[in-house]
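Beneath this line is the structure, given in structure tokens, with notes to follow.
The values are calculated or read from the model by the stated rules, or taken from the named source; none is laboratory data. Here the structure is a predicted model, which is why all the values come from computation and not from measurement. As a convention, Cβ positions derive from the backbone with ideal geometry for all residues, glycine included, and neighbour counts pool all protein chains shown.
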Amino acid sequence: MLEEIPFLGAGLGFRRVLKDEILASRGKIDFLEIISDQYIDRPLIKEEEAVELAQKFPVVLHGVDLSIGTDCPIDDDYLKKIHHVARLTKPKWVSDHLCFTGVPGHSLGQLTPLPFTDNTVRIVVEHIKQISATFDCPFLVENISYYFLISPTTMSEAEFITRVVGESGCGLLLDLANVRNNAINNNYDPIKFLDQIPLDRVVQIHLAGSSFNRGLMIDTHSHPVDREVFEMLRYTAPKMPMLKGVIVERDQNYPPFEELLAELDQIRDILASDWKPYHASGIAGELSKQMVETAAHVGVSS
Amino acid sequence: MSEFAFQQALVRLLTDTKARHSFFKGDVQVMAEFGLPLEEAQRILAIDPERLEVFADMLTGQRLNDAAQMLPLTAQLLGSRLHYIAYEFNQEITPRYSTKFEHALAFARFLKKQFGEEPPSPAFAEDVLTYEMTALELFGKRDETDFAQTADLKEQLHEAEAQTKIVPSRQPTHQVLTFNYDVAEIAAELKEGRIPTSPLRQPLNILLRVNAVGLIEQDRINYPTLAFIEACDGATPLSEVIEDLASIFEQNTPKLRADFQQKCLNLCEALVERGVITLRLSVPEAYA
């Protein structure tokens, strides 16, 4: 499935408050990442928004509540709702996080870490296989920022990610800001971490800005992407043959929109110089073709 | 080995501040309440308590953001005070909800209780909260319409005997409210980013409903219509509803009563046609 997906380019996480500017910048944003939870249990008008976005941009769906690490069956009802949004938007892929977000009857609404153990690998792999089988597009898992460790840990996070991706067969959504945050919070070298994970399974990258709070680097999505995170993209780019897209996440403290677009240009510059497939794909021409294909795919004449 | 019990305990500790603090102080009684084997309890105690506290505070902040998204006008009015109220909410009530929707509703009800104990500033914030809270409640009931017997019984509304057996009930997707301020005007200004400085204080009766596509719609109604809809409690036969309202509105002569009854029946018919009221037979009659 992944081989058939073209490289999408540099995109933005869609945020309602930026909608007008995003729609006005169609030529400058290659694709959008839609938070699937924003379109679940909402009035129909929200579904219409999702369809509108999918008609105008290639989209991918990103969820926050599948809780694949909870040691109990996946919430079927929630999964069906994700499927409903997927049917409306026909995303290139669907993703969620390598974490747990609650137990039945008690949702935390926050990405909570898992212990890095064989048992957790087993739980997560089983869930990923189950979820992946229900979609007709790829399913990816994302590494999270974690602020405390849960014992016992019988392996490193890098080994944990490697095993989950390897044994489930899923793709990786690599959040480089989260890698940097975890390295700062747990005092290790992020480059060494990146050398230990299967970069050849990375399908999508997240970039974001973080902020310090009470001695911890928190994944706030509230600041420009740090130079260090861009450098990590430059470092990993040559090792990611399956890369299909890079998204900038910004949730608050919004700058002038041109600054977000400038971050996308910076991504393109890095990939143009450090990611071989960028030029081979003829990305500029490809993007126009993709937009026409996307429009036809969701039933709209271009 | 199941991880579930550990995850359940961790989730509870992250949302129950008092239990978390007691647990990490080694309060044996609190620890026993969790029913965890010693090894699992030790796993929790091995977590860095300061970092866990930071994460728990992040949870509270996220919940507040989610609630503010679902109560945007109230959040706008209260501004930074919302954070203090959210803190009190999390201290007093251990949030344990399946969805963000349920959490937002619980927070709204807590706010309403707070406003009852100490009137808010501005005073119209209570009306705005009531409006948004009701809209949330109605959205949660959007699939609960019931028309099973209504069409047949509507034809019998004007028959005296039928009126003693027909029980009208407000549809769960509708609600009537009385406000002290013009909430529609206040909401319009808030949506423009302006906090009203001196909104008109006048009684306003509104019929709120959630439509088939999940949108909230509203109509201004007069007091007699509001009183009629409120009286349709799903337990009182139509004849008694009309009788009770006639007394409230002091329709004290036979002619006045007859006219009033006719108006009520016409109103009932119109409300049934608009899907505001549903009709069923009283229970003994249903089984006759």
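Annotations
- Selection of the range B:96-152 for residues being within 14 Å of chain A (Cβ to nearest Cβ), buried (at least 19 other Cβ atoms within 10 Å of the Cβ), in a loop (DSSP other than H, G, I, E, B) and of a type outside the set (K, R) yields only B:Y97.
- Residue in the range A:214-233 that is modelled with pLDDT of 95 or more, assigned to a helix (DSSP H, G or I), out of contact with any Phe, Trp or Tyr (no Cβ under 7 Å at 6 or more places or on another chain) and closer than 17 Å to A:F7 by Cα present: yes
- Test: residue in the range B:171-179 that is in contact with a strand residue (DSSP E or B) (Cβ under 6 Å, 6 or more places away or on another chain) and either more than 28 Å from B:P120 (Cβ to Cβ) or without any contact (Cβ under 8 Å) to a residue 24 or more places away in the chain (or both): yes
- Set A:D71, A:D136: member being surrounded by fewer than 24 Cβ atoms within 10 Å (Cβ to Cβ), at the interface with chain B (Cβ under 10 Å from one of its Cβ atoms) and either at positive phi or outside any helix (DSSP H, G or I) (or both): A:D71
- Annotation: B:V213 fulfils all but one of (1) within 20 Å of the chain's Cα centre (by Cα); (2) assigned to a helix (DSSP H, G or I); (3) farther than 17 Å from B:L129 by Cα; the unmet one is (2).
- Total residues in the range A:21-46, condition modelled with pLDDT of 95 or more and more than 19 Å from the chain's Cα centre (by Cα): 5
- The set of residues in the range B:25-39 being surrounded by fewer than 17 Cβ atoms within 10 Å (Cβ to Cβ) and of a type outside the set (K, R) consists of B:G26, B:D27, B:V28, B:Q29, B:A32, B:E33, B:G35, B:P37, B:L38, B:E39.
- Restricting the first member to the range A:94-110 and to residues that are under 13 Å from A:P73 (Cα atoms), and the second to residues that are of a type outside the set (D, E, K, R) and assigned to a strand (DSSP E or B), the beta-carbon pairs closer than 9 Å and six or more apart or on different chains are A:F100/A:L108; A:F100/A:L111; A:F100/A:T112; A:G102/A:L108; A:G102/A:G109; A:G102/A:Q110; A:G102/A:T112.
- Residue check for B:D182: of a type outside the set (G, A, S), out of contact with any Leu (no Cβ under 8 Å at 6 or more places or on another chain), surrounded by 12 or more Cβ atoms within 10 Å (Cβ to Cβ) and more than 15 Å from B:S282 (Cα to Cα): no
- Enumeration of residues in the range A:74-109 that are of a type in the set (G, A, S) and surrounded by 18 or more Cβ atoms within 10 Å (Cβ to Cβ): A:A86, A:S95, A:G102, A:S107, A:G109
- Condition met for B:T197 (assigned to a strand (DSSP E or B), among the β-branched types (V, I, T) and surrounded by fewer than 18 Cβ atoms within 10 Å (Cβ to Cβ)): no
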